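> For reference, the structure I am asking about is given below.
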Amino acid sequence: MMNPLRLLSGRGNPALSERIAQYLGITLGRASLTNFPDGEISLKLHDDVRGADVFVIQPTCYPVNDNLMELLIFVDCLRRASAQRITVVMPYFGYARQDRKDEGRVPITAKLVANLLTGAGVQRVLTLDLHAAQIQGFFDIPVDNLSGEPVLTTYLSSLDLSPVVFVSPDIGNAKRARIYADRLGGDLAIIDKRRTSGTEITSFAIIGDVAGKTCLMIDDMIATAGTIVQAADLVRRHGAKRIVVAATHGVLCGPAIERLEKAGIDHLAVTDTIPISAEKRGRLKNLTVLSVSELLGEAILRIHRNESVSSLFLK
């Protein structure tokens with residue numbers, strides 16, 4: 001007999017959690033989450049989870065530390081309430097960019113987060129487009145790293161892009177650009193980029209022909225938008241006809257909105273792994289937000305049924 005499926009949501013992205021629940025045809029579990037005056041998080045579950053297969057949906061986006069701590073508290077509560085299996089669904093995995101020691105005396109925070117989750121009692125992780133795929137190896141439990149490619153490809157296929165060239169904003173993203181070029185058909189161009197700090201980027205050259213074409217730039221995330229905006233400026237100076245930008249995670253922090261408003265991008269698409277405020281949507285008139293609820297919902301269903309999720313991965 002299969003253990004009952006329970007779906008719970010933190011406060012990181014309740015709208016996405018509701019859409020996933022609707023896809024699955026179930027109701028989100030009841031829980032009260034509040035903060036004490038000093039900021040400590042209080043959690044109370046109102047549904048029985050004993051022996052249940054529990055999925056907790058919580059992206060660790062801004063405020064990253066609050067959402068991460070809330071997730072850890074959720075997991076501890078579920079373990080003490082005798083849940084049979086605890087899977088955390090992290091549409092966006094915070095701290096993923098801190099995945100290696102690129103200089104002396106710095107932490108590998110992505111590994112620390114993996115340790116915290118495992119130590120709290122997580123038995124499986126479901127996430128989407130990890131910034132560094134090797135983070136899966138930081139865990140000693142199963143990690144399903146899905147791709148937003150099916151969602152983005154469906155949207156991009158609806159646009160008139162011809163003639164199109166897929167532009168990788170940096171050399172490290174060339175493999176992703178090649179995959180989309182193979183899916184949708186088109187040439188590939190690569191921008192040679194140098195990062196001088198966490199917020200400053202200097203682009204040097206573009207490898208490939210973009211003149212008179214629609215430049216489609218796809219990345220895993222848009223944070224401060226420095227990379228994308230400089231890349232857009234570079235391809236425009238090289239004669240691009242239109243500029244289309246797509247990314248799985250719309251972090252959109254710091255000066256991102258102001259930069260994107262001035263960038264002259266024709267179409268901008270992100271998914272709903274991270275909630276985007278009405279104020280940001282209002283300022284970015286060219287923004288389309290796509291939902292990954294069906295993708296994550298299908299993965300949850302297959303995990304619950306002990307079925308393969310490999311067909312949902314980016315090949």
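Readers should treat all values here as calculations from the given coordinates under stated rules, not as data from a laboratory. If you're wondering where the values come from, they're calculated on a predicted model, not measured in any experiment. In this analysis, Cβ positions are derived from the backbone assuming ideal geometry, glycine residues included, and neighbour counts consider all displayed protein chains.
> Taking amide H positions as placed in the peptide plane 1.01 Å from N, state which residues far from I274 in sequence (5 or more) or on other chains have amide H under 5 Å from it.
Correct list: G250.
> Say R0 is 25 Å: what FRET efficiency, to the nearest 0.05, do H238 and K175 get from their beta-carbon distance?
Numbers: r = 23 Å, r/R0 = 0.90.
Rounded to the nearest 0.05, the efficiency is 0.65.
> When a/c is below 1.5 the answer is rounded, else prolate if a/b is larger than b/c, else oblate, so apply that to the stretch 72-149 with a ≥ b ≥ c taken from the square roots of the Cα gyration tensor eigenvalues.
oblate
> Counting DSSP beta bridges in the chain, what percent are antiparallel, to the nearest 5? Mind dumping the intermediate values first?
Numbers: 11 of 53 bridges.
So the antiparallel bridges amount to about 20 percent of the total.
> In terms of modelled amide H atoms, which long-range or inter-chain residues lie less than 5 Å from the amide H of A83?
Long-range HN contacts for A83: G51.
> So what are the ³J(HN,Hα) numbers for the stretch 231-237, from phi and the Karplus equation (6.51, -1.76, 1.60; θ = phi - 60°), rounded to whole Hz, Gly and Pro as x?
Along the stretch 231-237, the couplings run 5, 4, 4, 5, 5, 5, 5 Hz.
> Please list, ordered by chain and number, the residues whose modelled amide H lies under 5 Å from the amide H of G94; skip anything fewer than 5 residues away on the same chain.
Answer set, sorted by chain and number: T60.
> Expressed as a rounded percentage, what relative contact order does the chain have, with Cα pairs under 8 Å and six or more residues apart?
With pairs under 8 Å counted, the relative contact order is 14 percent.
> Continuing with this model, one more query. Would you please name the trypsin sites (Lys or Arg not before Pro) within the stretch 201-302 that are DSSP coil residues with at most 11 other C-beta atoms within 10 Å of their C-beta? Walk me through the numbers on the way to the answer.
Numbers: sites: K213, R236, R237, K241, R242, R259, K262, K280, R281, R283, K285, R302; in loops: K213, K241, K262, K285.
Those satisfying the criteria are K262, K285.
> Exposed loop GluC sites (Glu not before Pro) only (DSSP loop, at most 16 other Cβ atoms within 10 Å): please give the longest stretch of the chain free of them, not including the sites.
Longest site-free region, per DSSP loop and neighbour criteria: 201-306.
> Spelling out what I want: for every residue of the stretch 260-274, take phi, set θ = phi - 60°, compute 6.51 cos²θ - 1.76 cosθ + 1.60 (Karplus), and round to whole Hz; glycine and proline get x.
5, 4, 9, 7, x, 7, 6, 9, 10, 10, 9, 9, 9, 4, 10
> Same structure, new question: Using the C-alpha atoms of the stretch 113-270, what convex hull volume per residue, in cubic angstrom, is computed?
117 Å³
> Here is a follow-up. Roughly how many whole Å is it from the C-alpha centroid of the stretch 39-70 to that of the stretch 7-31?
Between the Cα centres of the stretch 39-70 and the stretch 7-31 lies a distance of 12 Å.
> Then there is this: What is the helix-to-structure angle for 109-120, meaning the angle in degrees between its Cα long axis and the longest Cα principal axis of the chain, kept from 0 to 90 and rounded to the nearest 10?
The helix 109-120 is inclined about 20 degrees to the chain.
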